[in-house]
Amino acid sequence: MIIKKSSFNPNERFFMNVHYFSPGPASLPEAVRKQIKEELLDTFGIGVSVMEISHRSKQYEQLNEETHALARKVFQVPNTHSVLFSCCGAQQHFSIIPQHLSKPGEEIAYTDTGIWAHLACEEVFAMPRKINLVYDGRNCDYVSLGNPSKWDIPKNSKYVHLTVNNTVYGTEYAKIPTFGDIPIVLDMTSSLAGRTDIPWESTALVYASAQKNFGIAGVSVVIIRNDLLEKSREITKANYLGKALSYHAIFDTKSALNTPPVFPIFAMNRMLKWIDHSGGTPTMEKWSLEKAKLIYSEIDAGLYIGRTDKDCRSRHNFVFKLPKEEQDNHFIAEAAKHNLLEIKGYRSVGGIRASMYNGVSVESASVFAEFMRDYRKKFG
Ligand SMILES: *Cc1c(COP(=O)(O)O)cnc(C)c1O
């Protein structure tokens with residue numbers, strides 16, 4: 001599969017005058033926004049927009065095939081695993097995944113490390129399974145991810161479910177843990193295309209919605225080990241799972257069982273191309289670490305109070321507060337005057353949360369860090 005070159009200039013990505021730190025949907029690079037605008041009305045040079053193109057046309061088939069190839073390349077997927085696109089969000093996958101990897105009565109292991117992880121647990125607690133909750137972050141108000149090497153994973157567990165980055169509380173595994181013969185299932189909705197260290201040999205399945213690191217809402221990616229995809233044909237029958245929700249049926253139709261979300265897939269294609277042109281996931285990871293360093297050095301320099309243990313700080317969501325609640329609001333208002341937007345903490349957590357996914361440049365992070373420094377001097 002040849003991936004077509006596109007015309008944008010990756011150096012254009014810093015022309016934003018607004019710095020938007022939304023937790024998701026999240027900023028797209030300026031170059032991608034511009035390109036989508038330019039291509040919107042006549043996307044394929046046949047006078048038809050991507051919003052109206054038939055998903056059976058050769059133009060869409062080419063786009064679809066190219067996007068699958070790009071996804072494999074950018075996510076660094078080995079031949080042992082298959083890739084498919086789904087129109088479900090991460091939360092639908094919470095309930096669909098267990099029905100592909102386990103039958104009624106079988107054991108599975110879960111970790112509760114934040115809001116999304118907790119919701120994933122709730123879905124399986126309602127199923128006829130033996131659930132092993134191997135880490136419960138509620139005990140420490142989610143400031144830590146514990147010590148995975150000490151977790152007791154019952155050996156009959158079909159898999160261990162992990163949320164790699166916890167967007168609300170700002171925790172992330174510094175290293176993705178593995179558990180010998182028991183494979184892991186990774187919710188990477190806020191970390192896929194941001195980390196190069198997925199331990200594929202130990203990974204049963206990875207899933208991620210596109211709207212944080214590699215596209216817009218409306219499409220998600222599922223990456224599943226080939227043999228488990230085959231086995232799931234039998235397992236989904238035992239679970240009476242509908243065909244249109246079954247990964248094997250979606251895979252068999254090249255991710256076009258439903259009329260696919262054509263526009264989100266197009267936006268994901270352009271975003272994946274931008275990532276690829278910029279140096280791929282290794283570059284995204286390097287930039288994430290640079291952004292994280294800029295912000296955490298300010299948090300550690302005084303006035304600000306980081307929410308989490310230092311050994312599990314998120315590279316994507318920076319959560320902190322000021323000594324008094326009124327100061328949080330003042331900080332948010334002052335930031336807005338500098339076009340630093342969407343940094344209010346999650347409603348149940350409070351404080352500040354600045355999210356910096358792939359679409360947020362290192363320059364934006366450094367503008368924010370500078371603001372934090374000035375604010376400390378002026379009001380600290
Ligand atoms: C944002 C997020 C979700 C929710 O994704 P939806 O596609 O909106 O369901 C789930 N898990 C994680 C880790 C997230 O960051």
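Things to note:
- Number of the exception - Pro282 against (1) over 28 Å from Asn64 (Cβ atoms); (2) in contact (Cβ under 8 Å) with a residue 24 or more places away in the chain; (3) surrounded by fewer than 22 Cβ atoms within 10 Å (Cβ to Cβ): (1)
- Any hit, the range 100-107, residues being part of a strand (DSSP E or B) and modelled with pLDDT of 95 or more: yes
- Among the candidates Val164, Val219, residue that is within 15 Å of the ligand (Cβ to nearest atom), touching a residue at least 60 places away in the same chain (Cβ under 8 Å) and under 21 Å from the mean Cα position of the chain (by Cα): Val219
- Filter pass, Thr167 being buried (at least 23 other Cβ atoms within 10 Å of the Cβ) and either closer than 28 Å to Arg353 by Cβ or among the acidic types (Asp, Glu) (or both): yes
Residues checked against (1) in a helix (DSSP H, G or I); (2) within 16 Å of the ligand (Cβ to nearest atom); (3) assigned by TED's automatic domain parsing to the domain that holds Gly359:
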| site | (1), (2), (3) |
| --- | --- |
| Ala204 | no, no, no |
| Asn213 | no, yes, no |
| Arg233 | yes, no, no |
| Tyr240 | no, no, no |
| Ala244 | yes, no, no |
| Ala256 | no, no, no |
| Ile265 | yes, yes, no |
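- Scope the range 70-84; condition closer than 20 Å to Phe214 by Cβ and surrounded by fewer than 16 Cβ atoms within 10 Å (Cβ to Cβ); matching residues: Gln76, Pro78
- Test: residue in the range 43-63 that is of a type in the set (Phe, Trp, Tyr), in a strand (DSSP E or B) and modelled with pLDDT of 95 or more: no
- Within this structure, Leu28 fails the test of being more than 30 Å from Gly345 (Cβ to Cβ), among the hydrophobic types (A, V, I, L, M, F, W, C) and either in the same structural domain as Met356 (by TED's automatic domain parsing) or modelled with pLDDT of 95 or more (or both).
- The single condition from (1) touching a residue at least 24 places away in the same chain (Cβ under 8 Å); (2) surrounded by fewer than 21 Cβ atoms within 10 Å (Cβ to Cβ); (3) small (Gly, Ala, Ser); (4) out of contact with any Asp or Glu (no Cβ under 8 Å at 6 or more places or on another chain) that Gly350 fails is (4).
The values are calculated or read from the model by the stated rules, or taken from the named source; none is laboratory data. This is a predicted model, so every value here is computed, not measured. No Cβ is skipped: glycine too gets one built from the backbone with ideal geometry, and neighbour counts run over all protein chains shown.
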